[in-house]
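One structure coming up, written as structure tokens, with questions to follow.
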Amino acid sequence: MSTKRLVLLGATGETGRQALVAALDDARVSSVHTFGRSAPSVPANDKLKHESLDFEALLNEGAAGGPESAKLREADADAVLVALGTTRANAGSAERFERIDREYVLAAARAARREGKEQALVYVSSGGANSSSFFLYPQSKGKTEEGLASSGYSRTVIFRPGLLLVPGGRGERRIGEKLAVAVIPRLPFVASSLSILTPTLGRALVQAAVSSAPVGREETLAGHRAFVLDNNAAQELGKA
């Protein structure tokens, strides 16, 4: 059985952490290389390597590259899994939100791409992502999807999950999100279409990363092919 080397961005977030746990437990994954300011809080594992990454420096290196770009490229990933993101509230401004949520993601994905190598790119977007949206969050996600689809990977897989449900809950929630968490899981027949447990999503992300065949529905994003999974498809893949 052939195994895969994964690069994981956003491993300290809830979804990224669940993807990391799933990857470390998957015999098809030989190694997981995480990048970020701080190491993920998971038990020590021989398959796991963490390396600090300065995203601002990465952006400033541009297309010419530099030390931060080299870190990602030299990881020599078979699949790059991106669970990196933020909210406008946490970022502090619309401009800062777009810088973290889109520019960091695109810069890192481009740096991790190796010419001539078969690589998959898996990205956690959001339900309702649309580059033409009037609203900042779905617009940024949609533009990020289009940028990733055009970044030259052999296969780009985009997840558009619904409401993320964290087992045991999490402390940081906005008022609207708290209401949704209280209501949506109790709605008969439609809950699985609107929400997903983060461990299920994490497993689905790893399945997409290691699969030898495309998963999801093929779409064209700004003229480039991508495979898209909505909340239902993510549920099915994560439970397979």
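The values are calculated or read from the model by the stated rules, or taken from the named source; none is laboratory data. This structure is a prediction, so every number in the text was calculated from the model and none was measured. Glycine also receives a Cβ, built like all others from the backbone with ideal geometry; neighbour counts cover every protein chain displayed.
Search the stretch 188-216 for residues being part of a strand (DSSP E or B) and in contact with a helix residue (DSSP H, G or I) (Cβ under 7 Å, 6 or more places away or on another chain), and hand back the single one that is modelled with the highest pLDDT. Show your work before the answer.
Filtering the stretch 188-216 for residues part of a strand (DSSP E or B) gives 195-197.
After this cut, where a residue has to be in contact with a helix residue (DSSP H, G or I) (Cβ under 7 Å, 6 or more places away or on another chain) as well, the list is 195-196.
On the way: Ser195: 91, Ile196: 94.
Of everything passing the filter in the stretch 188-216, Ile196 is modelled with the highest pLDDT.
Looking at (1) touching a Gly at 6+ places or on another chain (Cβ under 8 Å); (2) over 24 Å from Arg155 (Cβ atoms); (3) of a type in the set (Lys, Arg), which one does Arg73 not meet, given that it meets all the others?
Result: Arg73 passes all but (2).
Are there any pairs with C-beta distances below 6 angstrom linking a residue in the stretch 69-87 that is in contact (Cβ under 8 Å) with a residue 60 or more places away in the chain and among the hydroxyl-bearing types (Ser, Thr, Tyr) to a residue that is assigned to a loop (DSSP other than H, G, I, E, B) and crowded, with 24+ Cβ neighbours inside 10 Å, with the two at least 6 apart or on different chains, and if so which?
none
Taking the stretch 1-31 as the region of interest, how many residues are assigned to a loop (DSSP other than H, G, I, E, B), within 27 Å of Leu165 (Cβ to Cβ) and either free of Cβ contacts under 8 Å to residues at least 12 places away in the same chain or not small (Gly, Ala, Ser) (or both)?
Here is the first cut: in the stretch 1-31, the ones assigned to a loop (DSSP other than H, G, I, E, B) are 1-3, 10-13, 25-28.
Next, only the ones that are within 27 Å of Leu165 (Cβ to Cβ) stay: 10-13, 25-26, 28.
Okay, now just the ones that are also either free of Cβ contacts under 8 Å to residues at least 12 places away in the same chain or not small (Gly, Ala, Ser) (or both), so 12, 25-26, 28.
Summing the residues that are assigned to a loop (DSSP other than H, G, I, E, B), within 27 Å of Leu165 (Cβ to Cβ) and either free of Cβ contacts under 8 Å to residues at least 12 places away in the same chain or not small (Gly, Ala, Ser) (or both) in the stretch 1-31 gives 4.
May I pose another question? So which residues in the stretch 60-89 are at pLDDT below 95 and aliphatic (A, V, I, L, M), if there are any at all?
Ala63, Ala64, Leu84, Ala89
Of all the residues that make up the stretch 32-43, how many are at pLDDT 95 or above and either touching a Cys at 6+ places or on another chain (Cβ under 8 Å) or surrounded by fewer than 20 Cβ atoms within 10 Å (Cβ to Cβ) (or both)?
Of the stretch 32-43, the ones at pLDDT 95 or above are 32-35.
So of that shortlist, the ones also either touching a Cys at 6+ places or on another chain (Cβ under 8 Å) or surrounded by fewer than 20 Cβ atoms within 10 Å (Cβ to Cβ) (or both) come out as none.
Number satisfying all stated conditions: 0.
With the requirement that a residue be under 20 Å from Leu194 (Cα atoms) and in contact (Cβ under 8 Å) with a residue 60 or more places away in the chain, what does the stretch 119-156 give you?
Val124, Gly127
Against the condition closer than 22 Å to Asn130 by Cβ, modelled with pLDDT of 95 or more and in a strand (DSSP E or B), how does Ala234 come out, does it pass?
Values: closer than 22 Å to Asn130 by Cβ: yes; modelled with pLDDT of 95 or more: yes; in a strand (DSSP E or B): no.
Judged against the criteria, Ala234 is not a match.
Of the residues Gly36, Gly65, Gly116, only one is on the phi > 0 side of the Ramachandran plot and without any contact (Cβ under 8 Å) to a residue 12 or more places away in the chain; which?
Working: Gly36 fails: without any contact (Cβ under 8 Å) to a residue 12 or more places away in the chain; Gly65 fails: without any contact (Cβ under 8 Å) to a residue 12 or more places away in the chain.
Residue meeting the stated conditions: Gly116.
To continue, here is another question. Would you pick out the residues in the stretch 24-74 that are under 17 Å from Thr12 (Cα atoms), more than 19 Å from the chain's Cα centre (by Cα) and small (Gly, Ala, Ser)?
Ala44
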